[in-house]
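A short write-up of the structure that comes next.
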Amino acid sequence: MKILKLLEKKKIQHAAELLLNSKEAIALTGAGVSTESGIPDFRSEGGIWEKYKPEIYGNIEAFLKNPAKFWEMAQKIAPNLFKAKPNPGHYALAELEKMDLIKAVITQNIDELHQKAGSVIVYEVHGNINRFSCLGCKASYTKEQIIRKMKREKKHGPSCEYCASPLKPSVVLFGEGLPRFEKYQSQALAQKADVMLIAGSSLSVAPVCDLPLYTLREKGDLIIVNDQPTDLDEKATVVIRHKTGTILPLIVEEIKRLQEE
Ligand code: APR
Ligand code: ZN
């Protein structure tokens, strides 16, 4: 706590009290919770969309026209994603679930670090980089099969053994809908939440950026932990402008201190 100003300490205490007294709290996370695991986010300086234009590399129409472009980017960023390890922010959220203080993590991240840190109820609203399928016949492929195919089929990107259609990781590209179950389940949880802990997201991409509005509409509290301002800061009960890897463990520590009082 010594590195944080008194003001942050008060906010951490307020966030801890909100979570401790909550009945249906949930967490909503974005790429910012994984930057301390070595995975760049999308919109910070040096983020993924700075290097790879989303309209070319992250859009379903562009993918269907020329899958090789997407795979060119995937080849560069995927190895980092596959070897990344959870950081203290992920472990803190897993601990809050174990303490039954958050009911679920709704994540925009595709890196599976919440699950690797021990979180169980995780809704991946933008999919998962470790699952691959064929756009034609929906055949599914493992990461190992894709890595082997990438070596052989560099030019156009990997295609299906059965129907020769392009293969794609199960991640949601711009222009694609969200996976139905995760979409409706996260809306229902956000509606029911009396507290939403939002960590590491610029809250700039719909429909996920609307989830906090479901909580606010039902008079729930938002706690935002983010190192840059977001559009919802002035609607949040607590805003801590700091690293998630530092703050989330301190909130857990403060909850434990309050429980002992
Ligand atoms: N601690 C706290 N905040 C951080 C940290 C950190 N260690 N690292 C980065 N941030 C903040 C950034 O300042 C930024 O506001 O996290 C936020 C990450 O925002 P984005 O890069 O926009 O990522 P995200 O909100 O997850 O993007 C949503 O956009 O491109 C799509 O599908 C992609 O899921 C992604 C979605
Ligand atoms: Zn196929």
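The values are calculated or read from the model by the stated rules, or taken from the named source; none is laboratory data. Owing to the predicted nature of the structure, the values given are computational and were not obtained by experimental measurement. All Cβ positions, even for glycine, are placed from backbone atoms using ideal geometry, and neighbour counts span all protein chains on display. Note: accessible area is taken over every heavy atom of the protein model, side chains too, but ligands, DNA and RNA are not part of it. Shrake-Rupley method; radii C 1.70, N 1.55, O 1.52, S 1.80 Å.
Here are the numbers for this structure:
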| read-out | value |
| --- | --- |
| With DNA, RNA and ligands ignored, accessible area of residue 201 (1.4 Å probe; Å², nearest 10) | 10 |
| In region 42-93, the GluC sites (Glu not before Pro) that fall in loop regions by DSSP, at most 14 other Cβ within 10 Å | 45 |
| Stokes-Einstein D in µm²/s, Kirkwood radius over Cα pairs - the chain at 37 °C with 0.692 mPa s viscosity | 171 |
| For the chain, size of Cβ-based charge dipole, Lys and Arg +1, Asp and Glu -1, in debye | 980 |
| Violating pairs (Cα-Cα greater than 23 angstrom) within the set 192/243; 9/243; 51/149 | 192/243; 51/149 |
| Order by protection proxy (mean Cβ within 10 Å, highest first), peptides 169-177, 28-36 | 28-36, 169-177 |
| Mean separation of Cα contacts under 8 Å, 6 or more apart, over the residue count of region 153-250: relative contact order % | 20 |
| Within the chain, helix-based [θ] at 222 nm, where runs of 4 or more DSSP H residues each add -39,500 (n - 2.57), nearest 500 | -12000 deg cm²/dmol |
| Mean Cα-pair separation over length for the chain, i.e. relative contact order, pairs under 8 Å, 6 or more apart, % | 25 |
| For region 170-261: accessible area per residue (Å², 1.4 Å) | 47 |
| Relative contact order of region 1-127, pairs being alpha-carbon contacts under 8 Å that are 6 or more residues apart, as % | 27 |
| Semi-axes of the equivalent ellipsoid for region 79-177, Cα gyration tensor, largest first, Å | 31, 15, 10 |
